[in-house]
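Asks: Once you've had a glance at the structure underneath, I'll fire off some questions.
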Amino acid sequence: MIEFFGLPGSGKSYLVERNKKDVQFTEVKVTKSERFYYGLIFCILHPIISSCFIGLILGDKDVKTFSLRKHLIMYIYMTRAAKYQKSKNIKKALIDEGLLMMFISITNIPSFLEDFLLRSSVFTNHKIFIIEASDEIRYLRMKKRGRYPRSGFFSNKNQKENLRSIEKNYKERSKKLIKLLPDCELICNN
C-alpha cells in the first residue's frame, strides 16, 4: 500500500490519479456502506488505535461543535479506517487521504500518544509519501477547486483559522513521520 500525506492543495489526489495510470495501482475508495462495514472491522481489529483517535477527537478543545465532532468521527475517521481495511484486499493500493491525515486534523495530541500511534503496525507496513507544495500554490489549487477543508462547518474567518491550525500541525508532524516511519519519502509538488 502507498499512502499520500500532505496539506490540502498539495497534490495528493493528483498524484494518486497519475500513479494509478502509470504504475497500475488501484485507488482505494469506499462507498457509504463500505465505510460502515470496513470501518467497523478496522475498529474491531484495532481497538486501541480506534479508541485513541476517537478519544482525541472527542477531547480536542478546537472542535467546538457536536456536528463537527460527529463529522470527524463518522465521516473522516471511519472513511479513512475503512480505506485501510479495504486496502488489505487490494494487491497494489493507493490511498490519498488515510489515517495519517488525522494527525494534522487533531490538535493537542500528547507526544507519547503520537509516538505510540505512529509506531503501530497500522502505519509501519506501507510506503508513505509526504507531499509538499508552497502555500501560494496550495491556495491557488484550493481556490480553483472551490473548496477548503471543512468549509461546511466554519465561517470564512474560522475557516482560515482552521487552515492555519492544520498547517501548523502538518509542519510539526511531517518531521516526526520522517523520523519515526521506516518507509517515508518527501516529495515537492510545486
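Asks: Anything in region 1-37 that is closer than 17 Å to K86 by Cα, in a helix (DSSP H, G or I) and among the aliphatic types (A, V, I, L, M)? List them, or say none. Explain how you work it out, then say what you get.
Replies: First, the residues of region 1-37 that are closer than 17 Å to K86 by Cα: 1-4, 16, 20, 25-37.
Subset that is in a helix (DSSP H, G or I): 16, 20, 32-37.
Across region 1-37, the qualifying residue is only V16.
Asks: With the requirement that a residue be closer than 23 Å to K70 by Cβ and in a loop (DSSP other than H, G, I, E, B), what does region 97-117 give you?
Replies: As a first pass, look at region 97-117 and keep what is closer than 23 Å to K70 by Cβ: 97-109, 113, 117.
Of everything in region 97-117, those that are closer than 23 Å to K70 by Cβ and in a loop (DSSP other than H, G, I, E, B) turn out to be E97, G98, I106, T107, N108, I109.
Asks: Which condition from (1) charged (D, E, K, R); (2) part of a helix (DSSP H, G or I); (3) closer than 20 Å to S50 by Cβ is the one that K171 breaks?
Replies: For K171, the failing item is (3).
Asks: Separate question: Might you check whether a residue that is of a type in the set (G, A, S), within 30 Å of K160 (Cα to Cα) and surrounded by fewer than 17 Cβ atoms within 10 Å (Cβ to Cβ) occurs anywhere in region 33-52?
Replies: Checking region 33-52: at least one residue is of a type in the set (G, A, S), within 30 Å of K160 (Cα to Cα) and surrounded by fewer than 17 Cβ atoms within 10 Å (Cβ to Cβ).
Asks: Out of (1) more than 14 Å from P8 (Cα to Cα); (2) aromatic (F, W, Y); (3) crowded, with 22+ Cβ neighbours inside 10 Å, the odd one out for F103 is which?
Replies: (1)
Asks: Going through region 53-68 one residue at a time, which ones are assigned to a helix (DSSP H, G or I) and out of contact with any Leu (no Cβ under 6 Å at 6 or more places or on another chain)? Can you show your working first?
Replies: Initial filter on region 53-68 (assigned to a helix (DSSP H, G or I)): 53-59, 66-68.
Selection gives F53, I54, G55, L56, L58, G59, F66, S67, L68.
Asks: From the set of residues in region 174-190 that are touching a Ser or Thr at 6+ places or on another chain (Cβ under 7 Å) and polar (S, T, N, Q), which is surrounded by the fewest Cβ atoms within 10 Å (Cβ to Cβ)? Lay out the reasoning, then the answer.
Replies: Step one: filter region 174-190 for residues touching a Ser or Thr at 6+ places or on another chain (Cβ under 7 Å), giving 181-182, 189-190.
After this cut, where a residue has to be polar (S, T, N, Q) as well, the list is 189-190.
On the way: N189: 19, N190: 10.
Result: N190.
Asks: Taking interchain pairs and intrachain pairs at least six residues apart, which have beta carbon atoms under 7 angstrom, with the first residue in region 71-92 and part of a helix (DSSP H, G or I) and the second acidic (D, E) and modelled with pLDDT under 90?
Replies: Cβ pairs passing all conditions: R80/E97.
The values are calculated or read from the model by the stated rules, or taken from the named source; none is laboratory data. What you are looking at is a predicted structure, and each value in this text was computed from that prediction instead of being measured. FYI the Cβ positions are ideal-geometry reconstructions off the backbone, even for glycines, and counts take in every protein chain you see.
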